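Working notes for the structure below.
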Amino acid sequence: MNYIPNILFAAALVLGIGYFVKNVKKLVRNIKLGQDVDVSDHKDQRWQNMIRIALGQGKMVRRPVAGILHIIVYLGFIIINIEVLEIILDGLTGQHRLFSFMGGFYGFLIGSFEVLALLVFVSVVIFWIRRNVIKLQRFWKPEMTSWPKNDGNFILYFEMVLMTLFLVMNATDMHLQEMQSGNVISQFITPLFSGMSEGTLHLVERSAWWLHILGILVFLNYLYYSKHLHILLAFPNTYFGKIKPKGEFNNLEAVTNEVKMMMDPDADPFAMPEEGVEEEVPAKFGASDVQDLSWVQLLNAYTCTECGRCTSECPANLTGKQLSPRKIMMDTRDRLEEVGKNMDANNGEFKDDGKQLLGDYISHEEIWACTTCNACVEACPVSIDPLSIILEMRRYLVMEQSAAPMELNNMMSNIENNGAPWPYNQMDRLNWVDEK
Ligand code: SF4
Ligand code: SF4
């Protein structure tokens, strides 16, 4: 018996899955560079969110056309890949259509896969047309040039090719065609190969089979480099997504305690902290680089699908300001990748590269253009919170650099001195009552 194909198959499998696992480890390490945050609360609500938003695609259908097409591709891709189990077992054991002993049920399964493959193909073509022919505005924003634009198209081509290979594989598989069960779509493709000899037909079938499984392994590894990583990360991301009301600002405990002490007339400003009680003062207020963000925010960055729903709802972006919440997430991911590569090159340690997220990737202008309206958070189909990153950077600029815009600095001084944002003495606040 010739074992060479089986050995080659096993080697491809080990190589493909091994490289994927290696990259997943890198991904986890990068995400863990973020600050720790407690997300162990509200477990029931978190599970519900994950089931509704990631598994049930709950927020996708808010835009019905894209939503329904996305559900077809999502379901199709998951269900068709059940077939991969048979392919793997066939490849390892040298059998052919191992599960065909199931008879009618097998035919039903293959038939469903074929229908879904066709639907996925059609949906992907429509997605491609929306991006490249109709040129939907949100796919043509300044941050969607070069790699992000190509990445979006590569994924669509990949899916078209994988679905075509699946159908060609079935159409040229004489065993399946003779069964006349399950070949609901492939039977219409078979005539294209009618003039071929049995040997050529077998060659085409084997080529499609090999390319299909190798394509899946390549696609699996492509995920790490692509926005398509969201097909895996959308699940943890929706689970760990924000449970508190949108836009609720997280208090810095050290600052809250300080303010409480200032407001307490009985407090002794020179009192030493109680023995054994450690005062937790953050090393840095706010965030200027990715390591200052929480690991959930870094997970958000890797999960971003670059769909642009956030940017298309952002009032700052719509009025021509230098701000795109999608770009905030893309920049965070790019910087995190850069930090990760720096660590890889330095035996796991980060060597200062003189760069940071704020300033080198995201400008002050972008940070201050935000109206904190939360539209981006509301629009995101996978529970990403770009606003939280913007706010952390503002916090850094205000508390560490005193670099807020003049209007804000004036307002903050007024609050500090006059107890109100206006430049009037507290005693004069009711003067307007006497104005004629
Ligand atoms: S919160 Fe800021 S970034 Fe988000 S939509 Fe509103 S203005 Fe845009
Ligand atoms: S943050 Fe959410 S809405 Fe914005 S581009 Fe990323 S996935 Fe889409």
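The values are calculated or read from the model by the stated rules, or taken from the named source; none is laboratory data. Note that the structure is a prediction, hence the values are computed from the model and not measured. When we count neighbours, we look across all protein chains shown, and the Cβ atoms used for this are built from the backbone with ideal geometry, even at glycine. Each accessible area value is taken on the protein alone, full model and side chains, heavy atoms only, with ligands, DNA and RNA left out. Shrake-Rupley method; radii C 1.70, N 1.55, O 1.52, S 1.80 Å.
Looking at the range 61-81, is at least one residue more than 19 Å from the chain's Cα centre (by Cα) and over 30 Å from Phe139 (Cα atoms)?
No, there is no match, as no residue in the range 61-81 is more than 19 Å from the chain's Cα centre (by Cα) and over 30 Å from Phe139 (Cα atoms).
For Glu258, indicate whether it is open to solvent by 20 Å² or more (accessible area, probe 1.4 Å), of a type outside the set (Val, Ile, Thr) and touching a residue at least 12 places away in the same chain (Cβ under 8 Å). Give the steps one after another, and end with the answer.
Numbers: open to solvent by 20 Å² or more (accessible area, probe 1.4 Å): yes; of a type outside the set (Val, Ile, Thr): yes; touching a residue at least 12 places away in the same chain (Cβ under 8 Å): no.
No.
Among the numbered criteria (1) assigned to a helix (DSSP H, G or I); (2) within 14 Å of ligand 2 (Cβ to nearest atom); (3) within 27 Å of Lys22 (Cα to Cα); (4) of a type outside the set (Gly, Ala, Ser), which single criterion is violated by Cys310?
(3)
Looking at the range 220-241, I want the residues that are β-branched (Val, Ile, Thr) and have a partner that is open to solvent by less than 30 Å² (accessible area, probe 1.4 Å) with Cβ atoms under 8 Å, at least 6 apart or on another chain. Which pairs are those?
Ile231/Leu223; Thr238/Asn49; Thr238/Ile53; Thr238/Ala54; Thr238/Val382; Thr238/Ser383
Looking at Gly58, Gly16, can you tell me which residue is among the small types (Gly, Ala, Ser) and within 17 Å of the chain's Cα centre (by Cα)?
Gly58
Take the conditions away from ligand 1 (no atom under 15 Å from the Cβ), among the hydrophobic types (A, V, I, L, M, F, W, C), surrounded by fewer than 16 Cβ atoms within 10 Å (Cβ to Cβ) and in a helix (DSSP H, G or I) and apply them to Leu336. Does it pass?
On the way: away from ligand 1 (no atom under 15 Å from the Cβ): yes; among the hydrophobic types (A, V, I, L, M, F, W, C): yes; surrounded by fewer than 16 Cβ atoms within 10 Å (Cβ to Cβ): no; in a helix (DSSP H, G or I): yes.
Against the criterion (away from ligand 1 (no atom under 15 Å from the Cβ), among the hydrophobic types (A, V, I, L, M, F, W, C), surrounded by fewer than 16 Cβ atoms within 10 Å (Cβ to Cβ) and in a helix (DSSP H, G or I)), Leu336 does not qualify.
So if I check each of Asn342, Asn347, which one is more than 11 Å from ligand 1 (Cβ to nearest atom), over 22 Å from the mean Cα position of the chain (by Cα), without any contact (Cβ under 8 Å) to a residue 24 or more places away in the chain and outside any loop (DSSP other than H, G, I, E, B)?
Details: Asn347 fails: outside any loop (DSSP other than H, G, I, E, B).
From the options Asn342, Asn347, the qualifying one is Asn342.
Which is hydroxyl-bearing (Ser, Thr, Tyr), open to solvent by less than 10 Å² (accessible area, probe 1.4 Å) and either at pLDDT 95 or above or out of contact with any Gly (no Cβ under 7 Å at 6 or more places or on another chain) (or both), of Ser146, Ser123?
Numbers: Ser146 fails: open to solvent by less than 10 Å² (accessible area, probe 1.4 Å).
Going through Ser146, Ser123 in turn, the sole match is Ser123.
Within the range 354-405, how many residues are within 13 Å of ligand 1 (Cβ to nearest atom) and of a type in the set (Gly, Ala, Ser)?
Number satisfying all stated conditions: 4.
Looking only at the range 40-47, decide whether some residue is exposed (fewer than 15 other Cβ atoms within 10 Å of the Cβ), assigned to a helix (DSSP H, G or I), under 29 Å from the mean Cα position of the chain (by Cα) and at pLDDT below 95.
Within the range 40-47, none of the residues are exposed (fewer than 15 other Cβ atoms within 10 Å of the Cβ), assigned to a helix (DSSP H, G or I), under 29 Å from the mean Cα position of the chain (by Cα) and at pLDDT below 95.
Limited to the range 343-363, what total is found for residues that are among the aliphatic types (A, V, I, L, M) and closer than 16 Å to Leu293 by Cα? It would help to see each step written out before you state the result.
Let us first name the residues in the range 343-363 that are among the aliphatic types (A, V, I, L, M), namely 343, 345, 357-358, 362.
After this cut, where a residue has to be closer than 16 Å to Leu293 by Cα as well, the list is 357-358, 362.
Final tally of qualifying residues: 3.
What number of residues within the range 303-333 are within 12 Å of ligand 1 (Cβ to nearest atom) and touching a Leu at 6+ places or on another chain (Cβ under 7 Å)?
So the answer is 3.
Output the number of residues of the range 214-243 satisfying the condition of being in a helix (DSSP H, G or I), among the hydrophobic types (A, V, I, L, M, F, W, C) and over 12 Å from the mean Cα position of the chain (by Cα). Before you say what the answer is, go through the steps one by one.
Within the range 214-243, the first condition is being in a helix (DSSP H, G or I), and the residues that meet it are 214-225, 227-240.
Then drop every residue that is not among the hydrophobic types (A, V, I, L, M, F, W, C), which leaves 214, 216-220, 223, 229, 231-235, 240.
Among the residues that remain, those that are also over 12 Å from the mean Cα position of the chain (by Cα) are: 214, 216-220, 240.
The qualifying residues number 7.
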